[in-house]
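Derivation of every value follows stated rules applied to the coordinates shown; laboratory data play no part. For clarity, every value in this text was computed on a predicted model and none was experimentally measured. Every residue, glycine as well, gets a Cβ built from its backbone with ideal geometry; the counts of neighbours run over all protein chains shown.
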Amino acid sequence: MTLNANLISGRTAQQGANLEAKTSRAYFDACAYCELNSKDLEQLDVAEGDCLKVKTEFGEIVVFAKANNGNPQGLAFIPMGPWANAVLSPETHGCGMPGLKGVPAKIKRTKEKPLDMKSLMRSYREA
């Protein structure tokens, strides 16, 4: 089963609190997840902590699933950071800030695990 979703990103308190330690487990925990409405998680047959593959026209990433019923169904949120950057548009339209909202995404359950920061950065060099 694949969920078609509208992907957005933004800052969170935890992501911001761990900016100075981007290779730490705390930063990984604060950024390497995707929030979906619990009905979307149920549709995907996914529980919190399971892994999701998020794919857009810009790339794909594996992150952990997290429930947030403040999100309407069909809305996916990944905190700002390297995991979100892997699937968001790099286009800045001359302002220096990439588009962080409204990216069509396909999301499905996966047995793959999210990459830690160093492995994720290494994968960019290898691409």
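Here is how the numbers come out for the structure above:
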| item | result |
| --- | --- |
| At R0 = 22 Å, FRET efficiency that the Cβ-Cβ distance of Tyr124 and Glu48 yields, to 0.05 | 0.20 |
| Cβ-derived FRET efficiency at R0 30 Å, Leu75 paired with Gln14, nearest 0.05 | 0.95 |
| Whole-percent pair-distance distribution, where bins are 5 Å wide, for the alpha carbons of region 1-95 | 3, 14, 24, 24, 19, 10, 4, 1, 0 |
| Estimated [θ] at 222 nm from DSSP helical runs (n ≥ 4, -39500 (n - 2.57)) normalised by residues in the chain, nearest 500 | -6000 deg cm²/dmol |
| Low-density loop positions, GluC sites (Glu not before Pro), region 25-127 - DSSP coil, at most 14 other Cβ in 10 Å | Glu48, Glu57, Glu91, Glu112 |
| DSSP bridge pairs, region 2-126: antiparallel proportion in percent, nearest 5 | 65 |
| Length released on extending from Ala21 to Ser89, taking residue separation times 0.36 nm less the Cα-Cα span | 22.0 nm |
| Cα-based Lys proximity count in the chain, under 21 Å, for pairs eight or more positions apart or on separate chains | 28 |
